[in-house]
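Readers should treat all values here as calculations from the given coordinates under stated rules, not as data from a laboratory. Being a predicted model, the structure only gives us computed values, none of them experimental. Because the Cβ atoms are built from the backbone with ideal geometry, glycine has one as well, and the counts that use them run over all protein chains shown.
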Amino acid sequence: MQVFEIADQEWFPQSLRSYMQAALTAAWTTHIPLLQSSSPARIVAHLLSHHFGPSIHNYTFIDFCAGGGGPTPSIEKHLNASITTTTTTKTPSYAEAATAPPPVQFILTDLHPHTNLWSAAAAASPNVSFIPTSVDATNVPQHIIQDQKRNGKKVFRLFNLAFHHFDDNLARKILKNTLETSDGFGIFELQDRSPAGFLACCLFGLGAMVMAPYYAWLWGAPLALVWTYLVPALPAVLVFDGWMSSLRTRTVGEVKELMGSCGVDAKEVRGWEVKSGRERFIPGVGYVNWIIVTRKGSQE
Ligand SMILES: C[S@@+](CC[C@H](N)C(=O)[O-])C[C@H]1O[C@@H](n2cnc3c(N)ncnc32)[C@H](O)[C@@H]1O
């Protein structure tokens with residue numbers, strides 16, 4: 001992976017990196033009434049349930065670049081809650097409860113596993129688990145996929161705020177491995193190469209300064225206040241890295257080109273359906289940019 005962002009540099013202080021990860025998770029999961037229509041994580045949950053419909057129960061969602069956890073635990077919560085409430089209008093009878101499909105499962109993985117943070121997410125929900133060993137998205141151990149297939153599940157790969165990190169070579173390897181072994185993948189980004197995308201990064205830095213006292217209290221981390229106000233590295237790096245991420249966020253056309261040049265047979269690539277769009281969560285600036293790719297016919 002080419003390293004363009006400051007927080008990815010080896011010399012970057014670990015404590016500051018942890019706050020940045022936590023700030024990104026907060027960006028995914030926060031819903032400020034009146035300002036936001038919804039949290040971005042809830043929007044992704046809605047996109048997935050809308051895209052898959054009832055066939056969502058055939059899938060396991062594996063986050064291949066989970067970092068500190070990111071939005072996946074929150075996506076799981078909203079997704080399973082919405083499936084339960086949309087399919088059930090009243091308290092289910094015992095017979096209905098016994099035949100209802102089980103909740104959709106989510107698995108956290110990363111090249112650098114954050115098992116301490118993931119343990120907390122897994123303890124909070126029976127539908128979130130994790131793989132404690134390193135998983136390289138370019139060469140996913142076969143047993144991870146086979147375990148799902150044995151249970152009758154298809155694998156959908158999640159890349160939340162992650163795909164822009166990869167240069168074209170690495171992205172092609174990841175896509176090749178995905179097309180060869182999985183049934184779908186989703187790229188979800190909170191930034192893009194538009195002026196609004198750059199403005200959103202500035203607002204994120206400003207938001208970090210406004211919200212710092214609340215989160216410092218919530219996380220029991222007074223040091224976050226030092227990194228925000230005394231040495232304002234946290235908002236500065238959030239904005240700068242956000243701009244770098246915006247510059248490298250791919251359009252759907254660029255992702256399709258990479259799929260076509262990743263080394264998978266062209267006929268096979270044509271067997272995949274690519275959908276994309278952007279969903280607004282802050283008027284004028286905040287958008288979830290999404291690309292959902294599935295094997296044609298896999299939702300039947
Ligand atoms: C920006 S972070 C992910 C952020 C997280 N998904 C979120 O939304 O907050 C990108 C992650 O990609 C992981 N990564 C980089 N190369 C990878 C690879 N080849 N396979 C799996 N994960 C990789 C890094 O370890 C890092 O945790």
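General observations
- Over the Cα atoms of the range 169-234, the radius of gyration divided by the Kirkwood radius equals 1.21; this is the Rg/Rh ratio.
- Site pair ARG150 and ASN169 shows an inter-label distance of 3.6 nm when each label is modelled 7 Å from Cα along Cα→Cβ.
- Close amide H partners of LYS154, meaning residues 5 or more places away or on another chain with modelled amide H under 5 Å apart, are TYR59, THR60.
- Amide H contacts under 5 Å for PHE130, placed H, 5+ residues apart: LEU108
- Computed from backbone phi with θ = phi - 60° and the Karplus coefficients 6.51, -1.76 and 1.60, the 3J(HN,Hα) list for the range 62-71 is 10, 7, 8, 9, 6, x, x, x, x, x Hz; x is used for glycine and proline.
- Per residue, the convex hull spanned by the Cα atoms of the range 1-62 amounts to 148 cubic angstrom.
- Each listed q (0.13, 0.18 Å⁻¹) maps to a log10 I(q)/I(0) for the range 32-190 from the Debye sum over equal C-alpha point scatterers, namely -0.63, -1.16.
- Share of alpha-carbon pairs per 5 Å distance bin for the range 200-288, given as whole %: 3, 12, 15, 15, 12, 12, 9, 8, 7, 5, 2, 0
- What the pair-distance distribution of the range 254-300 shows, using all Cα-Cα distances binned every 10 Å from zero, is 23, 40, 25, 12, 1 percent.
- C-alpha center-to-center spacing [the range 170-233, the range 13-79] in angstrom: 11
- With a simple spin-label model that places each label point 7 Å from the Cα along the Cα-to-Cβ direction, the separation between ARG193 and TRP217 comes to 4.3 nm.
- Taking every alpha-carbon pair within the chain, the share separated by more than 25 Å comes to 49 percent.
- For the range 12-28, the Karplus equation 6.51 cos²θ - 1.76 cosθ + 1.60, evaluated at θ = phi - 60°, returns couplings of 5, x, 4, 5, 5, 4, 4, 5, 5, 4, 5, 5, 5, 4, 4, 4, 6 Hz by residue, with Gly and Pro reported as x.
- Spin-label pair LYS267/THR181, simplified geometry with 7 Å Cα→Cβ offset, distance in nm: 2.5
- The alpha-carbon atoms of the range 147-300 define a convex hull whose volume equals 153 cubic angstrom per residue.
- For ALA233, the shell of other residues with beta-carbons less than 14 Å away shows a net charge of -1, using +1 for Lys and Arg and -1 for Asp and Glu.
- Positive-pole candidate from CYS262, SER82, ASN139, dipole of the chain, charges at beta carbon: SER82
- Annotation: the residues LEU223, LEU24, sorted from fewest to most other C-beta atoms within 10 Å of their own C-beta, follow the order LEU223, LEU24.
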